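Peer 1: My questions will all concern the structure given below.
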Amino acid sequence: MAPIVTEGRTIPSVLSRSASPSRSSHHNRTMPPTPDADTDDNGTDQHSTDPGSQGVGTQTGPAASGDEPSTDPDTGEAEGSATCDAVEADQAATDAGDSEGKTEGKNKGEPFPPRGVLTLRALRWGGVLAMFASSIIAKLLSSTYKIDIDVPHIKSVRPFSDLEVQATVAMFALQLLLWFFAAVANQLRRTAMIVIVSLIALLGAATAGINIHHWMTVYERSGISIPIFLCHAAETLGFTTLICTSIILHRVRTLLSMHPRQLSNPARWRKLYLPARPHPGESSVKVTKQASLKLQPITKIKLAAISLTPIIALSLLTSTAHYFVTPFIHSTSAEPHKTAPIATSINTKTSWVKDMAGVDHVIAGSTGPIVISSEGITALEPAHGSTLWTYGATLNTLYAFTSPNRDYLALRARIPDDLGINSEEYLSASDPPETTLVFDTRTGTPVIKHMSHGGSLQLTDSALLDGDTAYSLKDGRTLWSDSDTIDTTFMGAAGHSTFIVSTFEQDNEDTDEEKWAGTSSIAVAPDTNPSASTRIDNLLIDPMVVDNLRSRSYSDDMGVNPVIISGWAAQFTNQSDKNGNPTAQAINIDQASKSDSSNMDRIPLGAASGINEVASTASQTLATYPYYGSDKSIYDVMTAWDTPRVATVFTPRDRTATSAEHYPGLASAQAGIAPRPDGDSIIATISLRPSDGSPALTIPVKGDTIDTSPLSLSEGVRQLMADKGEPRSPYVDFRSTPGCTTILLNVSGPSEHSSTYRLYGVTERNA
């Protein structure tokens, strides 16, 4: 080959070599390359952009330039595979780095940064923003909800809680390990990148799924959505986005054969610079100054929008799940059902029978019985027992009652005890945390759903008192909050427009617990103005119930709460009848709360020892105990089977007081379950005998339809009254509801893990 003449010097020609993408072509060279290989006459590191000549170049020896061999770092493996790697980088990216003019990269004609790099960098920052924003929102929600959830230590799903905790920690640690491996690798292969990114994405999705599962579980058990779990899921997905985009950028860095500390490294976090290029006549080793990457304003706007994409998408998903997704069945009525009056008479046969699981309460709604069970809340039609509406949350209900007009149902439920509560501040508010739910009993529509801070829970016809804060039942807005005024533990329906704001303590130190003595003193106020309170003294109490409460409280000084039915309470008159026995009267606490109560209604109830709370709440009336005398003890009354437990029944609907022997309803009836011979066998029979002499209702319960012996169900047939001692769930329970009397039978018998109950619906006699 002919020699080349350059500036008076004759230089031997070097055989041109083919720069094939395969490294094996290097073995075909006739002489080893110098470090300055693949440079033009000016020393610029370039590749031809001509498809026909790509990979073909001219190599000169050291004597050609007269300089020492170059120490350019882009040598070795990157030199031999520069062409194929550059093409692969261009294909792996998704968007062009729009700069002012088409900036050339390490190879002539190639844009810098490669397509998709700026998009990946923006998404990486989007993952950071989503992760930190979700974490901050979760902390704020923890303060709002008064619950501090430590996700790595949460145990909200049994029996898999421990397994899930370990899995969550393990998956997070594995994500960090894979990220570290990809970050420190000098050469990140394509296959390795795909495998690592796929594993990290799967681990992130699994961790987010665990948090979503926690959210669904707590929602099902508490009745409300706690978005803290959804924020933790969004935090996990933001972190996953961050590390996945980082790994892909590490792969692009490998393809460009850049050192991690180079300013043009696409995986760096700070500002991106153009690759170093020497000027004509300048050696590459002397190049130190690099120009920063200039972007057009429209490109900056696009990248900013891309960086916000993760947080916007995760926010939309989280908000949608929180506000619009219900992880259980919740059916409502399109139109309010007809309101029926409380049943005051008893038919001689049942109208319907219905088996349900884990029934806790049967409550009188406005349209019929409302059943609260382990399967949720179910409102029944009184004539046929069909379902009107359901709320399928498996609530751990502490209290449940309806408003004085029965149009609203209020519940306080316990959040799963497994939730981690790490703050003493949160523990003092409610331990364990609780929720308050209010429903429209006519349609099943939720009115109020929020975390509860403990304290009193009351309903009027238009407002809810939860702790020291009142809420409107119309739209759920806060009416007022007054921690200085509210000093009561009363739970239940108050007046139609009146709250009980104080319950005054009674000194029982010198009182014989076995004697029928004691009264209640309260202060009432309009539900719009808690400071305008009025004191009411001498209200009747149930000594049996109070005695049971006293034994569990270990307190000598107790504020005894009265029995309020549809806004009415029983009060001693401080007068005596002709026999010298103390008499009582029914008063309306709404009228008593007014400044001028001299004209309020006072309905005589005759002589009384107290109020029968069990009979009153079961029948939705005021049922007074007879006057037993000052020498009669609680034990004497309890053990005397034939002792009357109801003297007078006051019906709030028509404001009439009826003596027990003339009342046709549940309040004074003989009710219970007893064995009865049936041929050669014995069956259990539910009996309900009105005290006015009306025909009795009897319901045979055959042994093959229950899980226990009929003899073990025997409780006796007598008037309703609280049992002395620890309260227990009876085998049979009676409840007057609109349109029917509901009878609840525990067909699982005495088992502590009873789960099956049978409901009987008995319509009124004249229906």
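Values in this text are rule-based calculations from the coordinates and carry no lab data. For clarity, every value in this text was computed on a predicted model and none was experimentally measured. Reconstructed Cβ throughout: ideal geometry from the backbone, glycine too, with neighbour counts over all protein chains shown.
Peer 1: Would you mind ranking C231, C244, C740 by Cβ crowding within 10 Å, fewest neighbours first? All intermediate terms of the calculation are to be shown ahead of the outcome.
Peer 2: On the way: C231 27, C244 24, C740 30.
Going from least to most buried by this count: C244, C231, C740.
Peer 1: Hey, another quick one. Return the FRET efficiency for the residue pair A192, L140: r is the Cβ-Cβ distance, R0 is 30 Å, and the value is rounded to the nearest 0.05. Numbers along the way, then the final one.
Peer 2: Values: r = 40 Å, r/R0 = 1.33.
Efficiency for this residue pair is about 0.15.
Peer 1: May I ask you to compute the full-extension gain from V169 to A640, defined as 0.36 nm times their residue separation minus their alpha-carbon distance, rounded to one decimal in nm? Write down the numbers at each step before the final one.
Peer 2: Values: separation 471, 0.36 × 471 = 169.56 nm, distance 6.28 nm.
Result for the pair: 163.3 nm of gain on full extension.
Peer 1: Obtain the nm distance between the two label points defined at H384 and I301 by a simple spin-label model: each point lies 7 Å from its Cα along the Cα-to-C-beta direction.
Peer 2: 6.3
Peer 1: Please compare each pair in K578/K632; K300/K449; K139/K294 to a cut-off of 32 Å on the Cα-Cα distance and tell me which ones are over it. If you can, show how the numbers build up before the last one.
Peer 2: Details: K578/K632 20 Å; K300/K449 44 Å; K139/K294 39 Å.
Where the Cα-Cα span goes over 32 Å, the pairs concerned are K300/K449; K139/K294.
Peer 1: Got a sec? How would W641, W269 order by Cβ neighbour count within 10 Å, fewest to most?
Peer 2: Values: W641 9, W269 12.
So the residues, fewest neighbours to most, are W641, W269.
Peer 1: Grab the beta carbon distance between H322 and S598, set R0 = 51 Å, and tell me the FRET efficiency rounded to 0.05.
Peer 2: Given R0 = 51 Å and the Cβ-Cβ separation, E is 0.45.
Peer 1: Give me S225, S497 ranked fewest to most by other Cβ atoms within 10 Å of their Cβ, as a rough exposure proxy.
Peer 2: Working: S225 20, S497 17.
Ascending Cβ contact count within 10 Å gives the list S497, S225.
Peer 1: Using the per-residue mean of other Cβ atoms lying within 10 Å as a proxy for protection, in what order, highest first, do the peptides 681-693, 448-460 fall?
Peer 2: Details: 681-693: 18.5, 448-460: 20.6.
Ranked from most to least packed, the peptides come out as 448-460, 681-693.
Peer 1: Taking the highest mean first, how do the peptides 585-592, 665-672 order by number of other beta carbon atoms within 10 angstrom per residue? Write out the running numbers ahead of the final one.
Peer 2: On the way: 585-592: 21.5, 665-672: 25.8.
The peptides rank, most packed first, as 665-672, 585-592.
Peer 1: For the pair D537 and S630, what calculated FRET efficiency results from E = 1/(1 + (r/R0)^6), where r is the Cβ-Cβ distance and R0 = 22 Å, to the nearest 0.05? Each step should come with its number before you reach the end.
Peer 2: On the way: r = 20 Å, r/R0 = 0.92.
The computed FRET efficiency comes out at 0.60.
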